[in-house]
Amino acid sequence: MKQEKWINGEVKFEDLAVGQEYLNWGTKQISEVTALTSNSVELFNKTDRKNCYKSGQKDINGEVQTIGKRKGIDSKNWYQMDAFNRTFKVIE
């Protein structure tokens, strides 16, 4: 089943609070609300802690080892409500 490009969420501005976490539709990463203004939301976008670069070496069980460096970066971004609802959904 193909997912639509834009999926509108049901989050209302008055339901948002600092510290809540939401899931990004595209990257499947969790973001946390860090600040609110009258018409926008600041989110801290976390990288996936398990998504690390592989070293190429195998351990005794034959599994490829990872190095400590994660793919992607942690960042903060501001979103207006229409962009927020297109990008994020409530974690269930």
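None of the figures in this text is laboratory data; all of them are computed from the coordinates on show. These numbers were taken from a predicted model, which means no experiment stands behind them. Reconstructed Cβ throughout: ideal geometry from the backbone, glycine too, with neighbour counts over all protein chains shown.
To the nearest 0.05, what FRET efficiency results for Ser55 and Asn24 with a Förster distance of 30 Å applied to their C-beta separation? Numbers along the way, then the final one.
Details: r = 28 Å, r/R0 = 0.93.
Plugging the Cβ-Cβ distance into 1/(1 + (r/R0)^6) gives 0.60.
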query = Once label points are set 7 Å from the Cα along Cα→Cβ at both Phe44 and Trp78, what is their separation, rounded to one decimal in nm?
reply = 1.9 nm
